[in-house]
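Enquirer: After the structure tokens below, expect a handful of questions from me.
The values are calculated or read from the model by the stated rules, or taken from the named source; none is laboratory data. None of these values were measured; they are calculated from a predicted model. Because the Cβ atoms are built from the backbone with ideal geometry, glycine has one as well, and the counts that use them run over all protein chains shown.
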């Protein structure tokens with residue numbers, strides 16, 4: 001989706017780094033309940049997740065942690081990127097799932113208590129739907145720092161929360177690419193990225209074909 005410049009096969013793409021900062025900002029902005037009702041969803045060309053607001057009455061779910069995790073969203077996403085070996089498209093699709101989930105489950109706000117569990121669950125579900133080969137729940141649980149039983153519950157509630165709407169059309173994918181391009185340009189106007197439906201340019205070999213060679217090494221590192 002995003003053109004990479006001078007990035008190695010195991011370097012987190014700039015887009016994924018931007019996505020982590022975007023979700024971090026949304027989570028922090030939702031930490032304080034909105035009094036007097038929520039505002040609008042914003043301009044029609046922007047998606048619901050970017051304008052979700054914390055409600056005074058919210059639903060406590062399996063996605064809520066007891067305390068705010070010490071690990072930042074960026075570090076958490078870097079860990080998932082390093083060990084999960086998902087195809088780059090999964091991160092776009094995971095964002096689409098999060099947006100759909102926020103629309104269907106408005107009482108489950110993406111904040112500092114929920115963002116980590118929602119993130120690892122959405123990426124795992126996206127990987128299962130998008131990739132020919134992906135890790136199982138037990139492995140994703142270990143990457144995410146939670147138990148297998150917990151991630152099973154997270155996956156179940158996430159799928160029901162989505163209404164099992166997992167298919168993403170090319171048009172919808174491109175729409176979210178365009179949205180994220182605008183957000184990235186607003187954040188870094190001096191160095192805009194060209195966004196399209198691929199993470200890699202035609203001239204640059206994708207890193208994904210290296211992932212299979214690194215899976216056993218990553219598993220050994222994770223087990224240490």
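Enquirer: How about the range 162-178: which of its residues are under 16 Å from residue 129 (Cα atoms) and under 17 Å from the mean Cα position of the chain (by Cα)?
Expert: 162, 165, 166, 167, 168, 172, 173
Enquirer: Mind checking which residues of the range 158-175 are closer than 18 Å to residue 104 by Cα and either touching a residue at least 60 places away in the same chain (Cβ under 8 Å) or surrounded by fewer than 12 Cβ atoms within 10 Å (Cβ to Cβ) (or both)?
Expert: 158, 160, 161, 162, 163, 164, 165, 166, 167, 168, 172
Enquirer: Exactly one condition in (1) in a helix (DSSP H, G or I); (2) closer than 18 Å to residue 59 by Cβ; (3) more than 15 Å from the chain's Cα centre (by Cα) is not met by residue 121; state its number.
Expert: Of the numbered conditions (1) in a helix (DSSP H, G or I); (2) closer than 18 Å to residue 59 by Cβ; (3) more than 15 Å from the chain's Cα centre (by Cα), the odd one out for residue 121 is (3).
Enquirer: Residue 138 passes all but one of (1) under 16 Å from residue 160 (Cα atoms); (2) without any contact (Cβ under 8 Å) to a residue 60 or more places away in the chain; (3) in a helix (DSSP H, G or I); which number fails?
Expert: The number of the failed condition is (1).
Enquirer: Of everything in the range 72-87 that's surrounded by 20 or more Cβ atoms within 10 Å (Cβ to Cβ) and in a helix (DSSP H, G or I), which residue is farthest from the chain's Cα centre (by Cα)?
Expert: 83
Enquirer: While we're looking at this one, here's another question. Here are 199, 140: which of them is modelled with pLDDT of 95 or more, under 19 Å from residue 86 (Cα atoms) and crowded, with 17+ Cβ neighbours inside 10 Å?
Expert: 140
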